[in-house]
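The values are calculated or read from the model by the stated rules, or taken from the named source; none is laboratory data. Since the structure is predicted, the reported quantities are computational estimates derived from the model, not experimental observations. Heads up, the Cβs are rebuilt from the backbone with ideal geometry, glycines too, and the neighbour counts pull from every protein chain shown. Ligands, DNA and RNA are stripped out before the accessible areas are found, and what is left, the full protein with its side chains, is counted by its heavy atoms. Shrake-Rupley method; radii C 1.70, N 1.55, O 1.52, S 1.80 Å.
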Amino acid sequence: GVAAMRADFPLYCEMAANHVLGGFGGDVARRHAELFSASHTQEAALAFVAESSELDVSPLLAKIKALTLVLHRPKTPFVDTDVVRRVTACIPNARLVLLDDSVFMPIVGDMEEFVDPVARFLDGRDC
């Protein structure tokens, strides 16, 4: 992660885009990587990683008043499902829906799997 980001930022951006897009890479990943590396400096990205690893919003979760839908794709390597379950449990009236697709980004992969629980949640139907 951080070592690769330091060594070659544009290459890191391309590898990260391919990873996040889960096999839907190719030209889409390349354009995603170009956009990211053009809009972020290497220093800013490194600072974000450092700061986000120290960020803890746990004390704020119990204060959320809005109904909350948490969608998670357990097959992605970014966030452990147990962590997602613990976070969801800390939010009053939160609903967790585990999705089957292995693509991190909701804009690629099985869109129906992503959109259906959101639509059901917004319509007030059970997820």
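For residues that are outside any helix (DSSP H, G or I) and free of Cβ contacts under 8 Å to residues at least 40 places away in the same chain, tally how many sit in region 1-18.
1
Among the residues of region 24-47, which ones are open to solvent by less than 80 Å² (accessible area, probe 1.4 Å) and not hydrophobic (A, V, I, L, M, F, W, C)?
Of everything in region 24-47, those that are open to solvent by less than 80 Å² (accessible area, probe 1.4 Å) and not hydrophobic (A, V, I, L, M, F, W, C) turn out to be Gly25, Gly26, Asp27, His32, Ser37, Ser39, His40, Thr41, Gln42.
Which ones in region 58-79 are surrounded by 11 or more Cβ atoms within 10 Å (Cβ to Cβ) and either over 17 Å from the mean Cα position of the chain (by Cα) or part of a helix (DSSP H, G or I) (or both)?
Passing the criteria: Leu61, Ile64, Leu67.
Looking only at region 80-103, filter to residues that are acidic (Asp, Glu) and loosely packed, with under 13 Cβ neighbours inside 10 Å; which one of those is nearest to the chain's Cα centre (by Cα)?
Of everything passing the filter in region 80-103, Asp80 is nearest to the chain's Cα centre (by Cα).
Restricting region 19-46 to residues that are part of a helix (DSSP H, G or I) and under 17 Å from the mean Cα position of the chain (by Cα), which is farthest from Asp100 (Cα to Cα)?
Ranking the qualifying residues of region 19-46, first place goes to Ala45.
In region 48-57, is there at least one residue being buried (at least 16 other Cβ atoms within 10 Å of the Cβ) and either part of a loop (DSSP other than H, G, I, E, B) or at pLDDT 90 or above (or both)?
no
Here's the yes/no breakdown for (1) modelled with pLDDT under 85; (2) closer than 22 Å to Asp126 by Cα:
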| residue | (1), (2) |
| --- | --- |
| Asp8 | no, no |
| Asp82 | no, no |
| Arg86 | no, yes |
| Leu96 | no, yes |
| Ser102 | yes, no |
